[in-house]
Amino acid sequence: MPKYHYEVLDADGSVRHGEMEGENPERVADELQKKGLVIISINRYGDAAVQKSGMTAVIDSINQRLIMGNGKVKLQTLLQFTTQLASMVGAGLHLIRVVGSLADDTTDKRFKIMLQDIKDSVEGGESFSDALAKYPNTFTTVYVNLVKAAEATGDMDIILNQLAIYLDKTVKLRSRVKSAMTYPVVVLGFAFIAVLVLIIKIVPVFEKTFAKLGADLPLPTLILINISTFMREYFFFTACLFGGTIFIFWRFFHTQHGRYLWDKITMTIPVFGPLIWKSVLTRFLQTLSILLRSGISVLEAFRLAGKASDHKVLEKCVYKCMDDIRDGKPISSAMSETKIFPDIVLRMVSSGEEAGTLPDMLEKITNYFEQQVQATVDALSSIIEPFLIVILGVVIGSIIVAIFMPIFKLGEAIKGIK
């Protein structure tokens, strides 16, 4: 059986070399693919290279599928690429040369493979937008359609600059929301671990002491001991039940109906709900503004912006708006009937329609909501800490009180022993 030398990228993005026997290169590629490896090259010993028309095409196809499936590039990396691309194209450099140069410079090995494939596709006669569209996990429909509009108008450097600004605002917006959400999640996570340690390790020690004393235990203490006993004796069952429940909810919320329900619930969460909704509105309005400014039709801009919002409730309302706009209603009236857009958005959109400056008005609304998000994040920073302290105090304090309540009756317990 022939032996092949392969070069692949593992899950950590490290390059690995190895040897494998196989009936043909396709079988070797299948085996490597099953291990989740990104194939760079496969060569039979004694061959200088694999023919492009044969195995290399198969490998390129596998590479593309693997990258599309689990090779999503970080938004910060995409922002850096777009900014450099805009600058270099604006300086008059040829697009193919720029993409090749950026592919050589990037430190992200998966992104390097994408850019090299995109460069090869453009050299082979494909449009730049079609080449980008092969990797929807990295280059979104908004990104691809803006590039397509740039190709049609010839304003590639202008639209790429707008894209860079758009991505920069998106990165900052996500960073603000993430900073507001990370702190409470981390604190509550550590609190959950502390509660588990108390229940599984500390409570049994006191339980043995109380058993020796033989005193009647208060109801809170009995409940705590029963919980501790159940978790220790059925730990595996409890862990599987907990993990299974999370998995079921995770699967449900990844369905269309489940995602819609989740997005609807998050809008009503106290404290965080308004922040999440403002960030969603900001992303939608910002996307809509840049799409309209690039010459994309109103209906198509609404469709793409709704999809880019990544919020099923808003997306459903956007489709309702599209139906009304298609029937001849003004944009502001169509948005008003959904009952989800704030009055300030409706007023600004109405003014923009009348004056013919809708993209500019949308940009102003976006700036307003960005300031609102920042103000909300700043307010949360001062509110969330005492709020968490109260929650932790109640939970952990209740456990400690339940543990020490029998000690208050220690005299009666000792008397019972006698």
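The values are calculated or read from the model by the stated rules, or taken from the named source; none is laboratory data. Worth saying up front: this structure is predicted, and the values here are computed from it rather than measured. All Cβ positions, even for glycine, are placed from backbone atoms using ideal geometry, and neighbour counts span all protein chains on display.
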Quiz prompt | the stretch 81-94, residues that are surrounded by fewer than 15 Cβ atoms within 10 Å (Cβ to Cβ) and assigned to a helix (DSSP H, G or I) | solution = Gly90
Quiz item: Is it true that Thr266 is within 21 Å of Gln374 (Cα to Cα), hydroxyl-bearing (Ser, Thr, Tyr) and touching a Leu at 6+ places or on another chain (Cβ under 8 Å)?
Solution: no
Quiz item: Quick one: which of Lys316, Lys312 is touching a residue at least 40 places away in the same chain (Cβ under 8 Å), touching a Lys or Arg at 6+ places or on another chain (Cβ under 6 Å), within 30 Å of His257 (Cβ to Cβ) and not β-branched (Val, Ile, Thr)?
Solution: Lys312
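Rundown of residues vs (1) β-branched (Val, Ile, Thr); (2) touching a His at 6+ places or on another chain (Cβ under 9 Å); (3) surrounded by 14 or more Cβ atoms within 10 Å (Cβ to Cβ), yes/no style:
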residue	(1), (2), (3)
Leu196	no, no, no
Val205	yes, no, no
Lys208	no, no, no
Met231	no, no, yes
Phe237	no, no, no
Thr245	yes, no, no
Trp250	no, no, no
Quiz item: Picking from Arg303, Arg283, Arg293, which residue would you name as being in contact (Cβ under 8 Å) with a residue 40 or more places away in the chain, surrounded by 16 or more Cβ atoms within 10 Å (Cβ to Cβ) and more than 19 Å from the chain's Cα centre (by Cα)?
Solution: Arg293
Quiz item: Within the group Leu79, Leu95, which residue is within 20 Å of the chain's Cα centre (by Cα), farther than 28 Å from Val28 by Cβ, at pLDDT 85 or above and among the hydrophobic types (A, V, I, L, M, F, W, C)?
Solution: Leu79
Exercise. Select from the stretch 95-114 the residues that are surrounded by 13 or more Cβ atoms within 10 Å (Cβ to Cβ) and of a type in the set (D, E, K, R) and list them in ascending order.
Key: Asp108, Lys109, Arg110, Lys112
Quiz item: Which one is surrounded by the most Cβ atoms within 10 Å (Cβ to Cβ) among residues in the stretch 345-362 that are without any contact (Cβ under 8 Å) to a residue 24 or more places away in the chain and among the hydrophobic types (A, V, I, L, M, F, W, C)?
Solution: Val349
Quiz item: Taking into account only those residues within the stretch 58-76 that are among the charged types (D, E, K, R) and either at pLDDT 80 or above or not in a helix (DSSP H, G or I) (or both), which is farthest from Ala131 (Cα to Cα)?
Solution: Lys74
